[in-house]
Amino acid sequence: MLRNFMKKLLLLIILTKISFSQEDINLELYQKAIDLSKEILIIDTHIDLPNWIFNENFDVNLISQEDQFDFVRAKQGGLNIAFLSIFTSVTQASLGKSKERADFLINTVKNNLSKFPDKFKIITSFNEIDTTNKEILYVVLGMENGSPIEDKIENLIHYHKEGIKYITLTHYKSNLIGDSANDSIKVWNGLSEFGKNLIKEMNRYGIMIDVSHISDSTFFDIIEITSAPIIASHSACRYFTPGFERNLSDDIIKEIAKKRGVVQIPFADFFLREDANKKFIQNEIEVEKFIKENYLGHNSRAAEEFELNYWKENPLPKSSVIDVANHIDHIVKLVGIDFVGIGSDFNGVRTEFITSGLEDCSKYPNLIYELLRRNYSVEDIKKIMGLNFLRVWKEVEEIANGLK
Ligand SMILES: [Zn+2]
């Protein structure tokens, strides 16, 4: 009796944090969501490297205070497979340091996680996944920004050997591969000649093509070339944020589905809501204006201080787990249940922009609860939380084997 009461109290505490009003809470359904999270395969396709991975003395049995991802909370949330992002910045590319940085990050992840073989296992093929083993956290390496490839296929082969399983072709600026959604200057009007060749080679090596961050024209060039399904590791629907090229238009989502690919929805205000997206862009403009008008360097203390205060004083309208489910609904209505999943972008967005109810990797049950509430079947939820992405991964590897 007391145990049941305590359980209900605990559920209530969790639920009050996820913007459902009290009367809406269905405790039985929420328990079902928690139980499901422990049973089904959960794959999150975009998590940036947490700070603790750089700290050799970090105790992985503890919750990290400054990160949104760690082993303890991943297991609380039922996460099975985490794609960790080997990210290099536009600045590092301009200094010719991308490759050096990517190699350093790959070594850091491998060295630090290999110390805990009972907790983490870095894998390079879906064949290595034991879906019945819920104890271990499988880690897969993805690369965000293709700059470390430079314009050399031999670098692609190097990263293939290192275990990189997808490449997000660009970040905020166009690079040697193609144009970025966030860059107003379109250097190539799509893919460069090297980029076109790279797509074919990625097909051959079984490396998934990630279309998050790229421009629309780059996307339509890829569609013409790729023989394998493509992924968007962390992109939402432009339908909810008109004019925001970083999210995917309905036409693009339809093309992804036609190619049997998958769209992985991230958890951040500016991806999910039009009002938050508009304010985000406006805030960025205001901060930039101040920096320019005062002749400050972007990394100067004054600029950083202004930026921090400005965002504090001008917070974004908050997104919730309901918005994430709205994006999932939209894709399901547009192309069906087989082409949508989740790519949180944990550690990639600042804490104040993270979707409420999905603040860290212990919170996946909140999304499962919302999907149950919307009458998604268990089979459908399994697809969204991992099986759709797993299907794409398998197909990409099978196609690569056929091309050998
Ligand atoms: Zn990103």
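The values are calculated or read from the model by the stated rules, or taken from the named source; none is laboratory data. Bear in mind the structure is a predicted one, so any value in this text is a computation, not a measurement. Cβ atoms come from the backbone with ideal geometry, glycine included; neighbour counts cover every protein chain shown. Each accessible area value is taken on the protein alone, full model and side chains, heavy atoms only, with ligands, DNA and RNA left out. Shrake-Rupley method; radii C 1.70, N 1.55, O 1.52, S 1.80 Å.
Treat every Asp and Glu Cβ in the range 144-294 as -1 and every Lys and Arg Cβ as +1, leave all other atoms uncharged, and give the resulting dipole magnitude about the Cα centre to the nearest 20 debye.
Roughly 420 debye, rounded to the nearest 20.
Towards the positive end of the charge dipole of the range 278-404, with charges on Cβ (+1 Lys, Arg; -1 Asp, Glu), say which of 343, 372, 327 has the farthest Cα. Checking the options against the dipole of the range 278-404, the answer is 372.
Model label sites at residue 294 and residue 197, defined 7 Å from Cα along the beta-carbon direction, differ in position by 4.7 nm. Listed by chain and number, the aspartates and glutamates whose C-alpha is less than 15 Å from the C-alpha of residue 97, apart from same-chain residues fewer than 8 away, are 144, 150, 151.
Using Cβ point charges alone (K and R +1, D and E -1), the dipole size of the range 218-311 about the Cα centre works out to roughly 360 debye.
In the range 124-271, taking the dipole from charged Cβ atoms about the Cα centre, the farthest positive-side position among 157, 132, 169 is held by 132. With θ taken as phi - 60° and the Karplus curve 6.51 cos²θ - 1.76 cosθ + 1.60 applied, the whole-hertz 3J(HN,Hα) list for the range 363-372 is 9, 3, x, 5, 6, 4, 4, 5, 5, 4 Hz, x standing for glycine and proline. Charge tally around residue 132: other residues with Cβ under 13 Å, Lys/Arg +1 each, Asp/Glu -1 each, net -1.
For residue 394 and residue 61, FRET efficiency with R0 = 41 Å and r from the beta-carbon atoms, rounded to 0.05? Spell out each step's value before the answer.
Numbers: r = 33 Å, r/R0 = 0.82.
The computed FRET efficiency comes out at 0.75.
Using a Gaussian network model of the chain whose springs link C-alpha atoms within less than 10 Å, name the residue from 359, 370, 304 with the highest mean-square fluctuation. Per the Cα network of the chain with a 10 Å cutoff, 304 tops the list. Take 324-332, 222-230 and order them by the average number of nearby Cβ atoms within 10 Å per residue, most first; the result is 324-332, 222-230.
For the range 297-365, what does the equivalent ellipsoid look like in terms of its semi-axes, each the square root of 5 times an eigenvalue of the Cα gyration tensor, given largest first in whole Å? Mind showing how you got there, number by number?
Details: eigenvalues 204, 32, 29 Å².
The three semi-axes for the range 297-365 are 32, 13, 12 Å.
For the chain, what is the percent of antiparallel DSSP beta bridges, rounded to the nearest 5? Intermediate results must be reported in sequence, preceding the final value.
Details: 3 of 33 bridges.
Expressed as a percentage, antiparallel bridges in the chain total about 10.
Phi-derived couplings, Karplus 6.51 cos²θ - 1.76 cosθ + 1.60 at θ = phi - 60°, listed residue by residue for the range 120-137: 10, 9, 7, 10, 10, 8, 5, 4, 7, 7, 9, 5, 8, 8, 8, 6, 8, 9 Hz, with x used for Gly and Pro.
Summarise the accessible area of the range 224-266 (1.4 Å probe, protein heavy atoms) by the percent that is carbon and sulfur.
Values: 650 of 1410 Å².
The value for the range 224-266 is 46 percent carbon and sulfur by accessible area.
Here the simple spin-label model places points 7 Å from the Cα toward Cβ, and for residue 115 and residue 97 these points are separated by 2.5 nm.
Using a probe radius of 1.4 Å on heavy atoms only, what accessible surface per residue do you get for the chain? Whole Å² is fine. Write down the numbers at each step before the final one.
Working: 17670 Å² over 404 residues.
About 44 Å² of surface per residue is accessible.
Using the structure shown, select from 32/383; 312/363; 258/333; 258/404; 110/394; 279/318 the pairs with a Cα to Cα distance greater than 22 angstrom. 312/363; 258/404; 110/394, as the Cα separations exceed 22 Å there.
Taking all pairs of distinct Cα atoms, average 1/r, flip it, and tell me the Kirkwood hydrodynamic radius of the range 214-367 in Å to one decimal place.
Details: mean 1/r = 0.0597 Å⁻¹.
Computed over the range 214-367, the radius equals 16.7 Å.
Evaluated with a Cβ-only charge set (Lys, Arg +1; Asp, Glu -1), the chain carries a dipole of roughly 800 debye about its Cα centre, given to the nearest 20.
Here each label is just a point 7 Å from Cα along the line to Cβ, and for residue 132 and residue 286 those points are 5.7 nm apart. Extension gain for residue 275-residue 374 works out to 33.2 nm (0.36 nm per residue, less the C-alpha to C-alpha distance).
Between residue 305 and residue 51, take the C-beta separation as r, use R0 = 25 Å, and let me know the FRET efficiency to the nearest 0.05. Calculated value: 0.70. Database remark: amide H of residue 341 closer than 5 angstrom to the amide H of 263, 264, 265 (H placed geometrically; neighbours at sequence offset of 5 or more, or on other chains; Pro and chain starts carry no H).
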